[in-house]
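Asks: If you scroll down you'll find the structure; I have some questions about it.
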Amino acid sequence: MPTLYLPCDSLARAVGADEVSTALITQAKERNLPLELQRTSSRGLYWLEPLLEVDSPQGRIGFGPLTADDVPSVLDALKGDPSAHPLALGLVEELPYLKSQQRLLFARAGITRPLSLDDYRAHGGFEGLTRAVAIGGEETATAVFDSGLRGRGGAAFPAGIKWRTVRATQAAQKYIVCNADEGDSGTFADRMLMEGDPFLLIEGMAIAGITVGATFGYIYVRSEYPDAVATLRAALNIAREAGYLGANVGGSGLAFDMEVRVGAGAYICGEETALLDSLEGKRGIVRAKPPIPALQGLFGQPTLVHNVLTLASVPLILAKGAQFYRDYGMGRSLGTMPFQLAGNIRHGGLVERAFGLTLRELVEDYGGGTASGRPLKAAQVGGPLGTWVPPSQFDTPLDYEAFAGIGAMVGHGGVVVADDTLDMAQMARFAMQFCAEESCGKCTPCRIGSTRGVEVIDRMLAAPEQSDRDAQVIILKDLCDTMQYGSLCALGGMAPFPVTSALKYFPADFGLQPSEAEQ
Amino acid sequence: MPDESLHLPLVNSLLERHKGSPGALLPILHDIQERIGYIPDVAVPEIAHALNLSQAEVRGVISFYHDFRTAPPARHILRLCRAESCKSRGAEELAAQLRDRLQLDDHGSSADGNISLRPVYCLGACACSPALELDGRVHSRLSAEHLDALLDACREDA
């Protein structure tokens with residue numbers, strides 16, 4: 001009996017992976033088969049989950065999406081011709097969806113067991129840390145700078161500048177803070193990475209710590225991700241025992257340790273300064289900048305704050321060199337980005353590619369169009385504060401600057417697809433409602449503006465006369481303008497994007513003629 | 001309601017465990033809620049004293065975060081995702097189904113105290129929307145029948 005692999009990822013489990021696992025164990029026992037089943041991370045080919053993989057001489061072959069009821073027939077097929085099974089997928093790494101990807105960050109996804117140090121090391125783990133220890137802090141910071149890596153949380157700030165800034169500060173205590181408060185709808189790459197490859201994040205943070213002179217770090221994980229919290233906590237203990245954390249990180253002679261902190265259901269805590277306040281045990285209220293966190297961050301000390309994917313990119317940059325990383329991507333968007341296909345999409349999942357592929361390739365070639373089979377209406381790129389992009393703009397390359405050029409953003413790489421039944425006026429109203437619910441309340445445009453926004457849209461949708469609706473459009477646009485330019489942080493500042501884009505591209509949903517909406 | 005002061009020894013032992021660590025308030029509140037099911041009012045002065053905060057500051061933090069409860073929850077906690085990805089796959093229809101079956105607004109507990117309902121904005125299950133979380137377990141690729149079956153299981157369990 002060959003080795004079997006089944007993901008323990010929380011979404012694979014949400015669609016029945018544990019039931020498949022139980023059935024495999026029971027059936028194997030009944031048949032007296034010696035079963036070796038490894039629970040690995042997920043490939044991110046979620047439409048095929050639960051995806052069972054089986055060792056074969058040519059590589060791992062796959063079966064999916066499985067239910068527990070399919071298990072007997074799969075075990076039968078493994079005795080004979082596996083490819084004859086109706087859910088057989090052939091060699092998993094030859095599936096076009098996966099084969100055409102450029103998996104750097106997610107190189108181990110679906111292959112290794114999340115908490116196996118041996119698996120991690122066998123697939124390149126800790127090579128980056130070893131290199132960082134060998135070349136020292138100055139060269140490590142230079143490698144990050146030269147790689148062109150930009151913050152993957154959404155703001156895309158050059159990571160190397162932050163590293164040099166924090167490294168140059170003099171302080172009794174510095175911190176590394178990992179922003180794992182992945183609250184954007186349509187995104188799940190951070191979750192996948194924390195659940196599936198926790199040592200990669202730990203390695204990235206350890207490199208950051210010894211490079212900038214921080215001795216302690218926090219990973220702030222949202223409470224909606226309990227599996228990620230448990231996996232990370234277990235991984236921290238394993239890494240500490242193995243000497244990758246503690247008084248002498250990887251033999252560097254430098255100390256670094258960290259702990260996991262759990263959020264409490266506040267979207268705003270994904271904003272870095274609100275996150276810092278939350279870590280300090282306060283309400284998650286946005287801070288005015290300056291001072292920037294790199295100089296005065298957590299507990300007033302210099303703090304390097306990065307998203308999960310940014311920190312997890314660092315080991316690879318060190319192991320393979322800055323130039324290797326720069327060779328991926330286009331313009332000033334370098335490296336790869338794990339895009340996340342979500343919503344009404346046939347093939348939802350994770351697609352890691354160099355920047356520069358078009359939204360159409362992502363949605364149509366990878367995603368296979370809508371799950372409902374109905375016509376595509378729009379895609380919201382970059383989370384709940386992202387623009388609704390109509391299909392006429394789908395040929396825009398996914399690049400920070402190109403997307404900014406069409407008034408949209410790449411953000412954290414989430415793409416939520418909608419078919420023609422989704423009412424964009426309701427989605428615009430939701431954007432304002434969400435902002436009202438999640439606003440920290442510090443600045444007026446966001447706190448008051450979002451509530452007024454809901455009211456204006458409600459009045460517009462209820463207005464019987466065209467002239468009344470037109471009057472409300474003017475108010476709504478003014479309000480969006482005030483929020484966009486007057487808010488303290490991106491929540492109030494970008495909540496208007498889904499509203500104004502819905503209004504611009506889908507005026508009919510608001511009961512408007514196209515010309516009025518564009519005035 | 002049982003005497004909340006019965007919870008004090010537990011609260012104080014949790015405070016003792018955490019109070020040396022910087023910014024301990026959220027971990028303390030999480031631990032109390034995990035053990036007791038909610039943050040009892042009687043815990044607030046104890047927390048404030050241990051962390052050298054005012055009671056107002058502690059209450060301010062409890063009320064700011066959606067996760068913290070100040071009353072015992074129902075037997076089951078159901079959180080339906082209402083964010084964009086799930087909306088694009090019919091989350092609003094599921095929400096209507098829940099309102100109808102439980103005779104509830106989007107927030108609240110059913111009259112029999114069996115199910116607490118709350119919206120959630122993203123469970124990270126967006127590739128297989130729509131999704132919900134029931135008692136800490138995520139269920140995805142939901143259908144109306146699937147939701148009915150989950151609710152039936154909760155009711156039988158009561």
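Asks: Any idea which residue in the stretch B:90-116 is farthest from the other protein chains (Cβ to nearest Cβ), counting only those that are out of contact with any His (no Cβ under 8 Å at 6 or more places or on another chain) and polar (S, T, N, Q)?
Replies: B:Q103
Asks: Another one. Pairs only if they're at least six apart or on different chains, beta carbon under 9 angstrom, first in the stretch A:169-183 and closer than 9 Å to A:R222 by Cα, second basic (K, R); list them, first residue then second.
Replies: Here the result reads A:A180/A:R191; A:A180/A:R222; A:D181/A:R222; A:E182/A:R191; A:E182/A:R222; A:G183/A:R222, each pair linking the stretch A:169-183 to a residue that is basic (K, R).
Asks: Right, something else. The conditions are (1) within 26 Å of A:G441 (Cα to Cα); (2) in a helix (DSSP H, G or I); (3) in contact with a strand residue (DSSP E or B) (Cβ under 7 Å, 6 or more places away or on another chain), and B:V61 fails exactly one of them. Which is it?
Replies: (3)
Asks: Filter the stretch B:117-139 down to residues that are within 14 Å of another protein chain (Cβ to nearest Cβ) and within 12 Å of B:P73 (Cα to Cα), then give me how many there are.
Replies: Within the stretch B:117-139, residues that are within 14 Å of another protein chain (Cβ to nearest Cβ) and within 12 Å of B:P73 (Cα to Cα) number 2.
Asks: Turning to a different aspect of this structure: When you check A:Q301 against the structure, is it more than 14 Å from chain B (Cβ to nearest Cβ) and farther than 15 Å from A:F157 by Cα, yes or no?
Replies: When the stated conditions are applied, A:Q301 does not pass them.
Asks: Residue by residue through the stretch B:107-131, note down the ones that are without any contact (Cβ under 8 Å) to a residue 40 or more places away in the chain, closer than 29 Å to A:Y46 by Cα and out of contact with any Lys or Arg (no Cβ under 7 Å at 6 or more places or on another chain).
Replies: Hits for the stretch B:107-131 are B:L117, B:A127.
Asks: Tally the residues that are under 21 Å from A:G125 (Cα atoms), among the hydrophobic types (A, V, I, L, M, F, W, C) and without any contact (Cβ under 8 Å) to a residue 60 or more places away in the chain, restricting the search to the stretch A:314-371.
Replies: Number satisfying all stated conditions: 1.
Asks: Another one. Can you tell me which residues in the stretch B:35-80 are charged (D, E, K, R) and closer than 27 Å to B:P130 by Cβ?
Replies: B:D67, B:R69, B:R75, B:R79 - these are the residues of the stretch B:35-80 that are charged (D, E, K, R) and closer than 27 Å to B:P130 by Cβ.
Asks: Restricting the search to the stretch B:140-158, which residues are at the interface with another protein chain (Cβ under 10 Å from one of its Cβ atoms) and among the small types (G, A, S)?
Replies: Once the filter is applied, which keeps residues that are at the interface with another protein chain (Cβ under 10 Å from one of its Cβ atoms) and among the small types (G, A, S), the stretch B:140-158 yields only B:S140.
Asks: Another question about this same structure. What are the residues in the stretch A:257-310 that are acidic (D, E) and touching a residue at least 60 places away in the same chain (Cβ under 8 Å), if any?
Replies: A:E271, A:E272
Asks: When the residues of the stretch A:479-519 are filtered to those that are modelled with pLDDT under 95 and outside any helix (DSSP H, G or I), which remaining residue is surrounded by the most Cβ atoms within 10 Å (Cβ to Cβ)?
Replies: Among residues in the stretch A:479-519 that are modelled with pLDDT under 95 and outside any helix (DSSP H, G or I), the one surrounded by the most Cβ atoms within 10 Å (Cβ to Cβ) is A:L512.
Asks: Here is a further query. Would you point out the residue of the stretch A:291-327, among those that are outside any strand (DSSP E or B) and among the hydroxyl-bearing types (S, T, Y), that is farthest from A:A206 (Cα to Cα)?
Replies: My answer is A:Y325.
Asks: For the list (1) at pLDDT below 95; (2) within 12 Å of another protein chain (Cβ to nearest Cβ), I need the number of the one condition that B:E84 fails.
Replies: Every listed condition holds for B:E84 apart from (1).
Asks: On to the next question. List every residue pair whose Cβ atoms sit under 9 Å apart, with the two residues 6 or more apart in sequence or on different chains, where the first one lies in the stretch A:424-446 and is within 13 Å of chain B (Cβ to nearest Cβ) and the second, anywhere, is in a loop (DSSP other than H, G, I, E, B) and of a type in the set (V, I, T).
Replies: Sorted first by the residue in the stretch A:424-446, then by its partner, the pairs are A:C440/A:I285; A:C440/A:V286; A:G441/A:I285; A:K442/A:I285; A:K442/A:V286.
Asks: Residue by residue through the stretch A:141-172, note down the ones that are aliphatic (A, V, I, L, M) and outside any loop (DSSP other than H, G, I, E, B).
Replies: Scanning the stretch A:141-172 gives A:A141, A:A143, A:V144, A:A159, A:I161, A:V166, A:A168.
Asks: Looking at A:L104, A:L98, can you tell me which residue is assigned to a loop (DSSP other than H, G, I, E, B) and touching a residue at least 40 places away in the same chain (Cβ under 8 Å)?
Replies: A:L104
Asks: Looking at the stretch A:359-380, which of the residues that are under 11 Å from A:V416 (Cβ atoms), hydrophobic (A, V, I, L, M, F, W, C) and within 11 Å of chain B (Cβ to nearest Cβ) is surrounded by the most Cβ atoms within 10 Å (Cβ to Cβ)?
Replies: Only one residue fits best here, namely A:A379.
Asks: Among the residues of the stretch A:211-235, which ones are buried (at least 24 other Cβ atoms within 10 Å of the Cβ), among the β-branched types (V, I, T) and in contact with a strand residue (DSSP E or B) (Cβ under 8 Å, 6 or more places away or on another chain)?
Replies: Correct list: A:V212, A:I219, A:V221.
Asks: Name the residues in the stretch A:397-438 that are under 19 Å from A:A155 (Cα atoms) and in a loop (DSSP other than H, G, I, E, B), would you?
Replies: The answer is A:L398, A:D399, A:I406, A:G407, A:A408, A:M409, A:V410, A:G411, A:H412, A:G413.
Asks: Only residues in the stretch A:39-65 that are not assigned by TED's automatic domain parsing to the domain that holds A:K79 count as the first member; pair them with residues that are assigned to a strand (DSSP E or B) and surrounded by fewer than 24 Cβ atoms within 10 Å (Cβ to Cβ), Cβ under 6 angstrom, at least 6 apart or cross-chain, and list the lot.
Replies: Going by the 6 Å Cβ cut-off, there are no qualifying pairs.
Asks: Can we say A:G356 is within 24 Å of A:G186 (Cα to Cα) and either modelled with pLDDT under 95 or surrounded by fewer than 19 Cβ atoms within 10 Å (Cβ to Cβ) (or both)?
Replies: yes
Asks: Additional query: Restricting the search to the stretch B:1-47, which residues are part of a helix (DSSP H, G or I) and of a type in the set (D, E, K, R)?
Replies: Across the stretch B:1-47, the qualifying residues are B:E4, B:E16, B:R17, B:D31, B:E34, B:R35, B:E46.
Asks: Please list, ordered by residue number, the strands (runs of 3 or more DSSP E) wholly in the stretch B:91-144 having 3 or more residues that are surrounded by fewer than 22 Cβ atoms within 10 Å (Cβ to Cβ).
Replies: B:115-120
Asks: Among the residues of the stretch B:63-80, is any within 12 Å of chain A (Cβ to nearest Cβ) and hydrophobic (A, V, I, L, M, F, W, C)?
Replies: Taking every residue of the stretch B:63-80 in turn, at least one turns out to be within 12 Å of chain A (Cβ to nearest Cβ) and hydrophobic (A, V, I, L, M, F, W, C).
Asks: Considering only the stretch A:110-132, state which residues are surrounded by fewer than 23 Cβ atoms within 10 Å (Cβ to Cβ), of a type in the set (A, V, I, L, M) and in contact (Cβ under 8 Å) with a residue 60 or more places away in the chain.
Replies: A:I111, A:L115, A:L117, listed by residue number.
The values are calculated or read from the model by the stated rules, or taken from the named source; none is laboratory data. These numbers come from a predicted model, not from an experiment. For neighbour counting, all protein chains shown are included, and Cβ atoms are generated from backbone atoms with ideal geometry for every residue, glycine included.
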